[in-house]
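The values are calculated or read from the model by the stated rules, or taken from the named source; none is laboratory data. As the structure is a computational prediction, the values presented were derived from the model and not from experiment. Don't worry about glycine lacking a Cβ; one is built from the backbone with ideal geometry, like all the others, and counts go over all protein chains shown. Ligands, DNA and RNA are stripped out before the accessible areas are found, and what is left, the full protein with its side chains, is counted by its heavy atoms. Shrake-Rupley method; radii C 1.70, N 1.55, O 1.52, S 1.80 Å.
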Amino acid sequence: VICGYGNVALELCKILIDNKNYIIEKYNLDLKVRSIVGRHGQLYEEKGIDLAALMELEKGSSAIEEYAKQKGLTLKTNIVFDGDVLVEATPTDVESGEPGLTYALKALDSGMNVVFASKGALVTNYKLISTKAAELNLKINYSGATAAALPTLDIGENSLSGARIKSIKGILNGTTNFILTEMFANDICFEDALKKAQEKGIAEKNPNLDISGFDSGCKLLLIANRIFNKQYDISKVDIKGIDKLRIEDINLAKSGGQTIKLIAEARFHGDEVAMKVAPLPVSRTDMFASVNGTNKCIVYDTIEMGQIFCAGGASDPMGAGAAVLKDIINLYK
Ligand SMILES: NC(=O)c1ccc[n+]([C@@H]2O[C@H](COP(=O)([O-])OP(=O)(O)OC[C@H]3O[C@@H](n4cnc5c(N)ncnc54)[C@H](OP(=O)(O)O)[C@@H]3O)[C@@H](O)[C@H]2O)c1
């Protein structure tokens with residue numbers, strides 16, 4: 001079941017069509033989309049929705065309404081949570097967590113695992129969702145909500161099994177990294193760099209979640225909760241954004257052989273994890289300085305395996321759709 005048929009869900013469906021045979025051969029999985037929930041109801045076909053026919057239509061709730069019309073189906077308003085996995089891809093609301101919260105809880109109650117692309121439900125109600133999933137012996141995965149194509153969680157969960165993690169640090173937001181890169185490389189003020197990001201479609205019309213550091217804080221929280229096995233909420237993250245940064249600050253850093261990056265850091269102390277997001281000077285020879293434009297990165301510092309640095313990954317809906325697919329496949333491993 002997919003909730004929300006926007007950019008990410010559309011890309012997921014495209015990949016499911018394009019990679020169908022590859023996924024069957026490599027993972028022995030024949031994935032079907034039985035249902036898509038839109039703003040005005042649920043498209044449901046027990047044998048599986050004809051994704052190729054759906055691709056002939058536009059994206060969005062209107063596309064599933066049109067599909068239903070063409071096939072003589074009626075959208076269900078009493079949503080049926082029936083299947084192995086729910087993909088939560090509705091808009092992120094970090095205040096109420098809705099509509100993803102209700103969808104995710106109902107899916108868990110119906111015995112479904114949940115893969116999130118959206119962050120809202122997890123940021124507002126991590127404890128509730130993770131406790132319920134554990135009690136019901138179900139799984140939640142959320143790579144799409146934690147920098148999508150960049151494997152922020154996979155490294156900590158799989159590649160570092162058994163090693164003790166001292167800290168996790170990252171550049172987790174592509175929009176702010178683009179703005180900082182522009183300010184540094186082209187000597188322009190914050191406002192001009194933001195305008196450029198908006199003109200290129202990198203920053204949203206309302207860029208507050210990004211420039212305030214809140215988006216990075218949410219991703220850090222979700223990564224730290226999973227990797228350090230905590231159930232913290234967002235109030236535990238000390239967040240400072242880049243909105244007050246002046247070109248003079250960048251130039252001062254530059255004159256000292258440094259650049260400024262919005263760094264999100266979770267550090268393990270005793271049994272607690274301290275989390276903070278802030279624009280910080282980093283040496284131009286530091287690995288963070290090599291991450292420019294909309295690129296993101298993550299660094300795990302461990303006792304036994306040393307430092308692991310990973311950067312890049314597509315920052316677009318296709319990358320996010322692929323991250324959702326990866327999470328689905330990993331549920332079956
Ligand atoms: N875009 C990315 O690259 C990216 C990357 C990582 C994570 N994410 C996260 O993934 C989620 C989806 O992103 P997106 O870019 O696909 O967003 P989007 O294009 O805005 O799509 C969201 C879809 O959800 C539908 N929707 C709204 N309210 C709904 C409701 N109550 N029930 C069911 N459907 C509802 C919308 O319907 P209408 O068509 O009627 O508006 C829209 O089709 C977001 O939470 C986003 O933060 C996105």
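Data overview
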| quantity | calculated |
| --- | --- |
| Cβ pairs under 6 Å, 6+ apart, first in the stretch 136-150 and within 15 Å of the ligand (Cβ to nearest atom) and of a type outside the set (Gly, Ala, Ser), second open to solvent by 10 Å² or more (accessible area, probe 1.4 Å) and not in a loop (DSSP other than H, G, I, E, B) | Thr146/Lys219 |
| Within the stretch 1-56, helices (runs of 4 or more DSSP H) holding 2 or more residues that are open to solvent by 20 Å² or more (accessible area, probe 1.4 Å), more than 21 Å from Lys71 (Cα to Cα) and not aromatic (Phe, Trp, Tyr) | 7-18, 20-27 |
| Selection from the stretch 204-235 of residues that are in a loop (DSSP other than H, G, I, E, B) and open to solvent by 10 Å² or more (accessible area, probe 1.4 Å) | Glu204, Lys205, Asn206, Pro207, Ser212, Phe228, Asn229, Lys230, Gln231, Tyr232, Asp233 |
| Inter-residue pairs, beta-carbon under 8 Å, first under 14 Å from Gly174 (Cβ atoms) and in the stretch 315-328, second within 7 Å of the ligand (Cβ to nearest atom) and among the polar types (S, T, N, Q), 6+ apart | Pro317/Asn7; Ala320/Asn7 |
| Those residues of the stretch 80-106 which are within 9 Å of the ligand (Cβ to nearest atom) and either in contact with a strand residue (DSSP E or B) (Cβ under 7 Å, 6 or more places away or on another chain) or open to solvent by less than 70 Å² (accessible area, probe 1.4 Å) (or both), in sequence order | Glu88, Ala89, Thr90, Thr92, Asp93, Glu98, Pro99, Gly100, Thr102, Tyr103 |
| Members of the stretch 128-173 that are surrounded by fewer than 18 Cβ atoms within 10 Å (Cβ to Cβ), under 22 Å from Asp84 (Cα atoms) and polar (S, T, N, Q) | Ser130, Thr131, Asn137 |
